[in-house]
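Reviewing the structure listed below.
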Amino acid sequence: FPVTIIAGDDVIIEYFDLEGAPIKYETKDAKGKYTGKYKEFFRIRYQYPEEHLDKDGKPVKYRSPYGSGSFIFIPEFIRKAYRAKQRIKTLFLQEGEKKAEKACKEGIPSVAVSGINMLGQNGRLPEDLIRIIQALEVEEVVFLFDSDYSDLSNHLKINDSVDKRPRNFFNAARSYKEYMRTLKARELS
């Protein structure tokens, strides 16, 4: 689906890299082939999710441009620490940009992923996350889940597995552990 930014009640969440430049993604054509053209990445938080339905007719709270991929959200607090080469003992990895911003405002160094399964791509951590860990001499990275990890879906159907959501969180935690192990090769653990 094409995402068009229109003035209104929705929140546009812009993503910036460690240097403060907008994060860009390569666009795809109608056949799914890369075009060589780049656009700035953003996410939309809809004020009225029930007005924005997915292909199954369920309300959508957040949306990113189709095919844009996933990136980590880096609050200005972290960019300032990066520029100042300020050491951070513990870095928190939050699910959600607004939570990471709030945590940083309270003095809790945080970055965000857009969802629990969006930490890495193709078996690799985002390069900016690795750079943060290296440059700020981070000793510990804590992955914080939302409190709804054990909630059952409102959309369960007959023969659906009731443990699907908790299992999804378990798998995300296992993936996080494996991603963190990849830092040992870089001597960052």
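The values are calculated or read from the model by the stated rules, or taken from the named source; none is laboratory data. Only a predicted model underlies this, so the values are computations on that prediction, with no experimental measurement involved. Glycine gets a Cβ as well: all are built from the backbone with ideal geometry, and neighbour counts include every protein chain shown. Side chains are part of the model used for accessible areas, which takes the heavy atoms of the whole protein and leaves out ligands, DNA and RNA. Shrake-Rupley method; radii C 1.70, N 1.55, O 1.52, S 1.80 Å.
Here are the numbers for this structure:
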read-out	value
Candidate set: segment 105-127, residues that are at pLDDT 90 or above and outside any strand (DSSP E or B); chosen: the one surrounded by the most Cβ atoms within 10 Å (Cβ to Cβ)	Pro109
Scan of segment 60-77 for residues that are within 11 Å of Ser110 (Cβ to Cβ) and out of contact with any Cys (no Cβ under 7 Å at 6 or more places or on another chain), ordered by number	Ile72, Phe73, Ile74
Any hit, segment 39-55, residues being surrounded by 12 or more Cβ atoms within 10 Å (Cβ to Cβ), of a type outside the set (Ser, Thr, Tyr), touching a strand residue (DSSP E or B) at 6+ places or on another chain (Cβ under 7 Å) and in contact (Cβ under 8 Å) with a residue 60 or more places away in the chain	yes
So Val162, is it in a loop (DSSP other than H, G, I, E, B) and either at pLDDT below 90 or open to solvent by less than 80 Å² (accessible area, probe 1.4 Å) (or both)	yes
Residue within segment 45-56 that is of a type in the set (Phe, Trp, Tyr) and assigned to a loop (DSSP other than H, G, I, E, B) present	yes
The listed residue being among the basic types (Lys, Arg), exposed (fewer than 13 other Cβ atoms within 10 Å of the Cβ) and not in a loop (DSSP other than H, G, I, E, B), out of Lys85, Lys98, Lys102, Lys80	Lys80
Segment 64-77, residues that are in contact with a Lys or Arg (Cβ under 9 Å, 6 or more places away or on another chain), among the aromatic types (Phe, Trp, Tyr) and not in a helix (DSSP H, G or I)	Tyr66, Phe73
